[in-house]
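What follows is one structure encoded as structure tokens, with my remarks underneath.
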Amino acid sequence: MAFYFKDPSRTFNEYLLVPGYSSSDCQPGRVDLGTPVVKYRTGEEPALRANIPMASAVMQAVSDDRLAVALAKEGGVSFIFGSQSVENQVAMVRRVKDHKAGFVRSDSNIRPDQTLSDILALKEKYGHSTVAVTEDGTPDGRIVGIVTSRDYRISRTPVDTPVSEFMTPLSSLIYGKDGISLSEANDILWDHKLNQLPIIDKQGRLTHFVFRKDYESHKSNPSELLDAQKRYIVGAGVNTRDYEERIPALVDAGADVLVVDSSEGFTEWQQRTLAFARARYGDSVKIGAGNVVDRDGFRFLAELGADFVKVGIGGGSICITREQKGIGRGQASAVMDVAKARNGYYEETGVYIPICSDGGIVYDYHMAVALAMGADFLMLGRYFARFDESPSARLTVNGSYVKEYWGEGSNRARNWQRYDFGEGEALSFEEGVDSYVPYAGALKDGVGSTLAKLRSTMCSCGALSIPELQEKAKLTIVSATSIVEGGAHDVILKEQTGSVIR
């Protein structure tokens with residue numbers, strides 16, 4: 001006879017945190033959001049800790065090298081998506097590890113024979129106005145000029161005007177030579193009152209830009225996540241098909257942590273992948289696994305040597321696994337069950353294996369609820385897809401800015417490896433959708449606002465760290481009526497009305 005869980009499958013939205021005693025020492029500025037990313041033994045420190053409990057999802061629409069750098073600056077870790085060629089994923093990882101603070105690799109590039117309409121399309125896609133003009137239109141081609149918003153006027157410059165006719169040519173540019181220090185580059189910016197400084201190598205190829213606007217931001221990243229060589233930390237996703245090729249390539253590229261990206265982790269396929277990693281590298285390579293939603297799934301991956309375990313099936317905003325297959329569990333129930341299993345395993349073995357809650361986050365306060373329930377860090381897709389730094393296009397839909405966001409189980413992603421049960425190289429049916437999310441500006445601003453709320457919530461619970469929150473938190477189930485009560489109600493909101501009659 002089938003096993004039945006006694007309790008219903010619950011989501012984060014069904015819980016609220018009840019305030020606890022807050023001393024005068026409990027102030028948001030004193031809250032430590034540091035958290036372990038990989039397992040460790042009692043009395044030891046984890047080999048990798050994040051400074052904030054946020055990781056970006058292993059998705060085409062979310063985690064590329066640009067977002068990885070932006071999130072590492074804030075103290076979190078990105079997992080570069082694996083549904084691409086090994087070569088492309090390795091190149092992204094290398095760009096993160098080779099990134100020099102203050103030196104930005106150009107992502108807006110164009111050929112001189114292209115037109116103003118192409119410039120405008122790049123501006124719409126990436127959200128910034130500086131475009132490098134290179135001979136072949138690639139980011140590291142021979143530079144022939146740059147275009148900024150001061151080089152054209154949309155009202156007067158025909159959109160079919162070639163870039164070569166209005167760009168600022170190389171002969172008129174002030175630039176730095178490859179090898180210049182950030183301090184020297186900033187001195188040139190200030191001395192010549194420039195907004196950007198191209199960095200060019202001996203062959204005339206563009207290597208980076210240094211921007212005036214980044215000067216202060218690079219001084220204001222006290223939480224940035226760095227390795228022992230002062231390089232940004234970055235993770236990467238692998239699948240259960242080509243892991244014998246992909247894992248060594250990513251390790252050689254310098255990836256700090258890997259994760260087996262699969263819709264279901266309680267499988268022999270995942271067992272084979274972890275066995276390969278351990279046989280070849282021992283414990284020197286850090287690799288997480290998942291996804292699971294109960295004690296049995298956690299114990300399976302823990303005993304296989306997973307460095308962390310990812311929790312959640314079907315809770316993502318673009319995931320339709322539950323309605324397609326009837327497989328999954330409410331994210332709150334899954335996190336609580338796996339956290340209990342994690343704590344039991346720690347008591348038995350002295351090995352603490354962090355759990356990552358993947359999916360189910362709708363509102364910022366859900367992050368506090370998930371952490372209170374036992375999650376060590378959170379993997380977020382929709383949240384990060386909204387920002388400038390995500391790789392998807394920014395569009396205008398019905399007069400509002402949006403960004404494209406699609407699931408790895410959608411036909412657009414064609415990531416059959418993530419949903420693979422060994423029966424061919426194709427998706428039999430979709431487990432994800434193609435969608436839009438509201439555009440939310442710069443990652444730094446969005447993450448800053450979210451973390452301010454999280455710190456404030458923790459102080460309301462009398463906690464100055466994530467472990468203390470998990471120890472002290474009190475959670476209550478809310479009724480459908482109290483959910484309505486929790487928002488604005490029984491009033492007429494001003495934005496819903498027309499002009500005021502006096």
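The values are calculated or read from the model by the stated rules, or taken from the named source; none is laboratory data. Please read these numbers as outputs of a predicted model, since none were measured by experiment. We place every Cβ from the backbone using ideal geometry, glycine too, and count neighbours over all the protein chains shown. Side chains are part of the model used for accessible areas, which takes the heavy atoms of the whole protein and leaves out ligands, DNA and RNA. Shrake-Rupley method; radii C 1.70, N 1.55, O 1.52, S 1.80 Å.
The Cα atoms of the range 168-306 give a gyration tensor whose axes a ≥ b ≥ c have a/c of 1.5 or more with a/b greater than b/c, which makes the shape prolate.
With every protein chain in place and a 1.4 angstrom probe, the accessible-area ranking of LEU17, LEU380, largest first, reads LEU17, LEU380. Helix 182-191 versus the longest principal axis of the chain: what angle, 0 to 90°, nearest 10, using Cα atoms? With both axes taken from Cα atoms, the answer is about 50 degrees. Annotation for the range 215-276 versus the range 123-183: alpha-carbon center distance of 34 Å.
Here the contact order of the chain, divided by its residue count and restricted to Cα pairs under 8 Å and six or more residues apart, works out to 21 percent.
Each residue of the range 67-84 was assigned a 3J(HN,Hα) from its phi angle through the Karplus expression (A = 6.51, B = -1.76, C = 1.60, θ = phi - 60°), giving 5, 4, 5, 4, 6, 4, 4, 8, x, x, 10, 9, 10, 4, 5, x, 7, 7 Hz with x at Gly and Pro.
Taken along the Cα-to-beta-carbon direction at a fixed 7 Å, the label points for TYR401 and ASN343 span 4.3 nm.
DSSP beta bridges fully contained in the range 1-157 are about 60 percent antiparallel. Using the Cβ of GLU245 as centre and a radius below 15 Å, the other residues enclosed give a net charge of 0, where K and R count +1 and D and E count -1. Going 7 Å from the Cα of THR42 toward and past its Cβ, which residues in the range 459-499 have a backbone nitrogen under 19 Å from where you end up? Counting backbone N atoms under 19 Å from the label point, the list is 467-468, 471. Values (i) 45, 31, 21; (ii) 43, 28, 24; (iii) 40, 28, 24 are given for comparison; semi-axes √(5λ) of the Cα gyration tensor in Å, derived from the coordinates here, is the one labelled (iii). Apply 1/(1 + (r/R0)^6) to the Cβ-Cβ distance of ASP7 and SER284, taking R0 = 51 Å, and write down the FRET efficiency to the nearest 0.05. With R0 = 51 Å, the Cβ-Cβ based efficiency is 0.80. Helix content alone sets the calculated 222 nm mean residue ellipticity of the chain: runs of n ≥ 4 DSSP H residues at -39500 (n - 2.57) each, divided across all residues, give -9000 deg cm²/dmol. Rolling a 1.4 Å probe over the protein heavy atoms of the chain, with every protein chain left in place, gives an accessible area that is 49 percent carbon and sulfur. Taking the longest Cα principal axis of the chain as reference, the axis of helix 268-281 is set at about 70 degrees. Working from Cα pairs under 8 Å separated by at least six residues, relative contact order for the range 193-335 is 14 percent. Each DSSP beta bridge with both residues in the range 174-280 is either parallel or antiparallel, and the antiparallel ones are about 50%. Just report the Cα centroid separation between the range 372-406 and the range 18-86, whole Å. Each part's Cα centre sits 17 Å from the other's. In terms of distances greater than 18 angstrom between alpha carbons, the cross-link table entries LYS39/LYS472; LYS286/LYS310; LYS100/LYS177 yield LYS39/LYS472.
Here the chain carries DSSP beta bridges of which approximately 55% are antiparallel, counting only pairs with both residues inside. Taking Cα atoms, how many degrees apart are the long axis of helix 86-98 and the longest axis of the chain, rounded to 10 and kept between 0 and 90? It is inclined by approximately 80 degrees. Rolled with a 1.4 Å probe across the full set of protein chains, the surface gives PHE103 an accessible area near 10 Å². Remark: the GLN229-SER456 segment gains 78.4 nm on full extension, using 0.36 nm per residue and subtracting the alpha carbon distance.
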